[in-house]
Amino acid sequence: MTPARKHARSAPRPRAPVPLSARAILTVDLAALRANWARLNQTSGRAECAGVIKADAYGLGLAPIARALTNEGCKTFFVATVDEGRAAREVQPGATIYVLDGLLPGAEAHYAGFDLRPVLSGLAEVRDWAAYGRARGHRLPAAIHIDTGINRLGMPDYEVELLAAEPGLLDAIDVTLVMSHLACADEPKNPMNAVQRDRFETLRAKLPPAPASLANSGGMFLGPAYHFDLVRPGIALYGGRAHEGAPNPMQTVVRLAARILQVREVPPGATIGYGATYKVARHSRIATIGCGYADGFLRALSVATGEAGPVGYVDDYPVPIVGRVSMDFITVDVTDVPAELIHRGTWVEVMGERVTVDDLTDRAGTIGYELLSRLSSRVYRVYEE
Ligand SMILES: *Cc1c(COP(=O)(O)O)cnc(C)c1O
């Protein structure tokens, strides 16, 4: 992949001041985030471009991410939970905020009190929200979620029919969005995408007209036929890949770097780390850095003898990960790096433009969403403007 911003290549160490006590830092490039939103906003044409900031903005920090997106022009946000919605409301008093969970029974006041719009996923939720609005004397805004094949959340077609047959019910709600969610948007060739789009057209036509939304990041890149009135990108905002096996046009938003805590010389045949799974073939210098799976660096990225594993970087020098990733540490082979660069405190970048979130998760057998959303609060965070 071509790096979007070349200057970061030789600058794995943080550009902003960090406390001397910080052993690992996560740098979130808010300018790259804003550029990604602007690009998606352009891609979406006339459709409004929202921002999905659930799960603490995919692990990157809800408040700073929401502020940066707002400054770029984003007006509508999606969160998963009421608590996330409340956190988003605190930083964005004027934004439209949808809660993807739907409506929890009896919790209406928790939504209305913070001007949160539930994404109503079933007839029972619609009835509850309508009744709550009636009791308060005005129609409350909400989205209607139609299931078009993912069979997770959303109204199945028979519920859409029932809803359509009971117009008084929707009269009691201010339906600001009708939406559905694609199951296979990351696979552009999957015929399921067109099937879901067609079902969405058919089902939403049974309901009173309202703005419509179908596309997540992957859905956006399927083309304008999937954009409708509002698009809901998440992962692409954060620099992740939206389509499997395709080039990723988004800028890198996150970099993870950790400091060398100790360097040691080991003779040929020595083994490194838990399980003694990695044996060095030559006289080597091994550096232990302050980041492990408790920081969110996946244990599945461990490297045994003979395996090609991920590399980190000291300046422009690649340093292969060797041995198991443990709770607090990663070990890297720094034998081929000029000795003057390697000392206690040297920064090693383990994730960024050169080794992307997707590179790492492809190897670990998971997806960028999981790695990002599980980055730990133990890692010191720096937000670059
Ligand atoms: C998480 C989510 C999104 C965003 O998906 P990405 O693949 O991250 O772009 C959009 N819509 C719904 C309903 C979601 O749950």
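Here are the numbers:
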{"quantity": "Strands (runs of 3 or more DSSP E) completely within the range 314-385 that count 1 or more residues being in contact (Cβ under 8 Å) with a residue 40 or more places away in the chain and more than 16 Å from the ligand (Cβ to nearest atom)", "calculated": "330-333, 347-351, 380-384"}
{"quantity": "Candidates Leu182, Leu256, Leu261, filtered to the one that is out of contact with any Ser or Thr (no Cβ under 7 Å at 6 or more places or on another chain), within 30 Å of Arg285 (Cβ to Cβ) and at pLDDT 95 or above", "calculated": "Leu256"}
{"quantity": "Candidate set: the range 238-267, residues that are among the aliphatic types (A, V, I, L, M) and out of contact with any Gly (no Cβ under 6 Å at 6 or more places or on another chain); chosen: the one nearest to Leu60 (Cα to Cα)", "calculated": "Val254"}
{"quantity": "Single condition Arg264 does not satisfy, out of (1) closer than 19 Å to Asp362 by Cα; (2) surrounded by fewer than 17 Cβ atoms within 10 Å (Cβ to Cβ); (3) among the charged types (D, E, K, R)", "calculated": "(1)"}
{"quantity": "Candidates Ala242, Ala210, Ala246 - the one that is assigned to a loop (DSSP other than H, G, I, E, B) and within 12 Å of the ligand (Cβ to nearest atom)", "calculated": "Ala242"}
{"quantity": "Tally of residues being within 16 Å of the ligand (Cβ to nearest atom), farther than 19 Å from Pro211 by Cα and hydroxyl-bearing (Ser, Thr, Tyr) across the range 138-186", "calculated": "0"}
{"quantity": "Options Gln262, Gln196: the member that is over 15 Å from Thr43 (Cβ atoms), within 13 Å of the ligand (Cβ to nearest atom) and touching a residue at least 24 places away in the same chain (Cβ under 8 Å)", "calculated": "Gln196"}
{"quantity": "Some residue of the range 32-54 being more than 16 Å from the ligand (Cβ to nearest atom), buried (at least 18 other Cβ atoms within 10 Å of the Cβ), assigned to a loop (DSSP other than H, G, I, E, B) and of a type in the set (Lys, Arg)", "calculated": "no"}
{"quantity": "Among the residues listed as Asp157, Asp147, the single one being among the acidic types (Asp, Glu), surrounded by fewer than 15 Cβ atoms within 10 Å (Cβ to Cβ) and in contact with a Leu (Cβ under 9 Å, 6 or more places away or on another chain)", "calculated": "Asp157"}
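The values are calculated or read from the model by the stated rules, or taken from the named source; none is laboratory data. All values reported here derive from a predicted model rather than from experimental measurement. Quick reminder, even Gly has a Cβ in these numbers, built from the backbone with ideal geometry, and neighbours come from all protein chains shown.
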